[in-house]
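Since every read-out is calculated from the coordinates, none of them should be taken as a lab result. The model shown is predicted, which means the values in this text are computed figures rather than measured ones. Every residue, glycine as well, gets a Cβ built from its backbone with ideal geometry; the counts of neighbours run over all protein chains shown.
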Amino acid sequence: MNKQIRPLAKEDFSLYQTMETGLQEDYMLRLFPGLTSGENRLYGLFIDEQLVSTAGYTVFAHHYIMLGRLRSDKRFRGNNYGTEILQYAKDQALQLQDVSFVGANTEAHNHSAQKVLAKIGLPHVITLFAAQTTNLSSLVSSKAASWSKIENIGRKLEWLKRTYLNEDFPETIFPFEAYYPFPASEDLFKEETVRNWQFYENASQTRYLILWEEDKGDHYLHITYPWSDFMEQEGFWTTVASVYEGIQRDQPETILWIDLTREEAALLPADHPFELPSPWMLHGVHPDKPAERPDEPDVGETLDKAFESLEFLEQEIQDLEQELNETIQKTDTLKQTLDELDTDS
């Protein structure tokens, strides 16, 4: 057996098409050329010149690496090729200069992917719901005034330094793009980037929020707020709704997006308008920092693991019920066949 790992190029698309991944929908079939160039890298593991597994990474803000594009041919599973190719992609990423963070995202129900990430040394960091909606009417109060827009770049940077860049501030994860939250650092907040974000602060200048647009298949308006009291802040949703309505005039299909922890999602009212699909889990490490183990368990992380265990048990129960139903059906079929044989004799 001849095993080889090498970078993939757009010319390797036909090789990727031969893989039997078992996926009903695979975005890589649409985006393959772009995943092999620019800030993206894609690697393939070959057995006797047959592509059996892929993985790669994307560079964000010049210093953040997100691993992904893990695919395995189901005919070759069980050989740890997925773990091997993802470890290879991680090793290649770490050879880049000034890497601040190496991470990966996976849905909370994807336990197999989580095991692979644990094997290659990427611990769980945070779990977030990508809450989305197109209608804020149930949250907006007609009596609440909108917050003031901040135009001064110095004021914007000052707010970031007081919150995300303040080592004593509890919020440390910043949602840089759709599906890509990162540990906050100055690398994420370059002046040219911050200028394109809309900042708003309340009348007492004790709270602020950030809004920015992004195209990623759909058009999104992102809401970023570094506290958990969004339901208590008068004018918060009025501000968001006002900006959203203006964007909808030109882009009527725009979707609102806000990343929420489980605890924050629980603060939404019963009639909230957000869709809360399966949450995403961020895993990752800072290459230049040793892994930290807190003396006391983090309550949020403990709750996340408890919810994940429940989801896993629910799936296990569903699988067992399906197997039981199939067994009952086979038994009934066999009994019917035996009865027919008895009748024939």
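Packing around the peptides 206-217, 115-126, taken as the average count of other Cβ atoms within 10 Å per residue, puts them in this order, highest first: 115-126, 206-217.
How long is the gain from SER146 to ASN79 if the chain were fully straight, where each residue apart is worth 0.36 nm and the alpha carbon distance is subtracted?
Numbers: separation 67, 0.36 × 67 = 24.12 nm, distance 5.71 nm.
Stretched out fully, the SER146 to ASN79 stretch lengthens by 18.4 nm.
Counting beta carbons within 10 Å around each of LEU268, LEU94, LEU139 and listing the fewest first gives the order LEU94, LEU268, LEU139.
For the pairs LYS143/LYS190; LYS149/LYS190; LYS90/LYS216; LYS10/LYS74; LYS119/LYS190, flag any whose C-alpha to C-alpha distance is greater than 29 Å. Provide the component values of the computation, followed by the final result.
Values: LYS143/LYS190 36 Å; LYS149/LYS190 20 Å; LYS90/LYS216 25 Å; LYS10/LYS74 23 Å; LYS119/LYS190 34 Å.
Where the Cα-Cα span goes over 29 Å, the pairs concerned are LYS143/LYS190; LYS119/LYS190.
What ranking of LYS90, LYS74 emerges when the number of other C-beta atoms within 10 Å of each C-beta is taken as an exposure proxy, fewest first?
On the way: LYS90 22, LYS74 12.
Starting with the residue having the fewest Cβ neighbours, the order is LYS74, LYS90.
Using only alpha carbon positions, build the gyration tensor of the range 223-269, then give the equivalent ellipsoid semi-axes as the square roots of 5 times its eigenvalues, largest first, whole angstrom. Each step should come with its number before you reach the end.
Values: eigenvalues 101, 32, 13 Å².
Those come to 22, 13, 8 Å.
Packing here is the average count of other Cβ atoms within 10 Å per residue, and on that basis the peptides 247-255, 275-283, highest first, run 275-283, 247-255.
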